[in-house]
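Everything on this sheet refers to the single structure shown next.
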Amino acid sequence: MLDIKITRTTEPKAKPAAGQKLGFGKIFTDHMFVMNYTEGKGWHDARIEPFHNISLSPAAMVYHYGQEMFEGLKAYRNPENGEVFLFRPDMNAKRTNDTNDRLVIPQLPVEDFVQAVSAVVDVDRDWIPTEPGTSLYIRPFIIATDEFLGVAPSKTYLFMVILSPSGAYYESGLAPVGIWIEDEYVRAVRGGMGFAKTGGNYAASLIAQQKAHDAGYSQVLWLDGVERKYIEEVGAMNIFFKIAGKVVTPALNGSILPGITRNSAIQLCKQWGYEVEERKISAEELVEAQKNGTLEECFGTGTAAVISPVGKLRYVDEVMDINNGEIGPLSQKLYDTITGIQTGRIADENGWRVKVG
Ligand SMILES: *Cc1c(COP(=O)(O)O)cnc(C)c1O
């Protein structure tokens, strides 16, 4: 158990007005969680403080070699009774430690991570929006803070959790997106850090994202980094296909981020009686399936959008329209079920909700 010292703000900010468009990641709450790590001492000085800028040496290691990690999860408030829930936060805590291992960042006990997130969400619970599709986005992250330009793991770190009230990902409802299958740049390779949630993976992705945007597509779908043949994942989402009645998604191979929404979608589909295959899927297989009419649905899974139906996939010279650019029934059912569990509207048979406070 962390002993968390709480200092409340004496100058609370104005909260967004009801009905105000929140967007994503632009508004921050009154408080943040902070904890230090020092070699030989471990994690120490757990505290909740007013949200404020931090000061670091320009030589702080995070600025130079990118030794950092982050997580992303959400809190939901039930509009009727005010109950606040997190969705599977222990999974984010475990993934934090997998990322930390890869980046030589010290381990953070799972229960401390969950306690830190719960505590700061509880302090700012009045910031959680309740309109349909809205939530409190939670961003835990760790940065290397040694003042040192040598290339080595830092001996000091900061763990912080900041909170951002966020709007419905698709303001006009679930809308199918167009996705660009990238055949030039790659995101990650096996042996690299594709499975880790770290800024460097995103820095590497920006150029392809820009290219896809310029071509009129909203996101990039990455191919494997070795053969540039097999489907991996979308920018910040895992990808699923429904082919001839079966649910198919790329197997976790070390270069794909193991999404918690992915894991939940697989579990639900199996519980609903679908055959689920986690395996290699080539882009050519998708082109074939689309041509012979068996590519029934395609959707992305991730915390931000939960389920993101894909209406169009571009691969080299092929533009595949999926389900006539409309939301498929499985995509809709997964969206309704997962968001229903998250907000407390429907029964949580898998024990995924964690109550705050
Ligand atoms: C966070 C992330 C995902 C989705 O993971 P969730 O746990 O479902 O939010 C997928 N791909 C990448 C690259 C990510 O960073």
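A few notes on this one:
- Residue list for segment 320-334, restricted to those being part of a helix (DSSP H, G or I) and either surrounded by 20 or more Cβ atoms within 10 Å (Cβ to Cβ) or of a type outside the set (D, E, K, R) (or both): Asn323, Asn324, Gly325, Pro329, Leu330, Ser331, Gln332, Leu334
- Cross-chain or 6+ apart pairs with Cβ under 7 Å, segment 103-132 first and closer than 19 Å to Thr343 by Cα, then at pLDDT below 95 and among the hydrophobic types (A, V, I, L, M, F, W, C): Pro129/Leu22; Pro132/Ala168
- Within segment 175-202, the set of residues being of a type outside the set (D, E, K, R), away from the ligand (no atom under 14 Å from the Cβ) and in contact with a strand residue (DSSP E or B) (Cβ under 7 Å, 6 or more places away or on another chain) comprises Pro176, Val177, Gly178, Trp180, Ile181.
- Exactly one residue out of Gly300, Gly311 is under 26 Å from the mean Cα position of the chain (by Cα), more than 14 Å from Glu233 (Cα to Cα) and not polar (S, T, N, Q), and it is Gly311.
- Filter result for Gly19 (without any contact (Cβ under 8 Å) to a residue 40 or more places away in the chain, loosely packed, with under 14 Cβ neighbours inside 10 Å and of a type in the set (Gly, Ala, Ser)): no
- Only a single criterion out of (1) at pLDDT 95 or above; (2) within 23 Å of the chain's Cα centre (by Cα); (3) more than 16 Å from the ligand (Cβ to nearest atom); (4) not aromatic (Phe, Trp, Tyr) is not satisfied by Gly340, namely (1).
- Any chance Gly259 is closer than 20 Å to Ile307 by Cα, without any contact (Cβ under 8 Å) to a residue 60 or more places away in the chain and crowded, with 21+ Cβ neighbours inside 10 Å: yes
- Restricting the search to strands (runs of 3 or more DSSP E) fully inside segment 75-183 and requiring at least 1 residues that are crowded, with 19+ Cβ neighbours inside 10 Å and under 15 Å from the mean Cα position of the chain (by Cα) gives 84-87, 135-144, 156-166.
The values are calculated or read from the model by the stated rules, or taken from the named source; none is laboratory data. Everything numeric in this text was worked out from a predicted model, so none of it was measured. Heads up, the Cβs are rebuilt from the backbone with ideal geometry, glycines too, and the neighbour counts pull from every protein chain shown.
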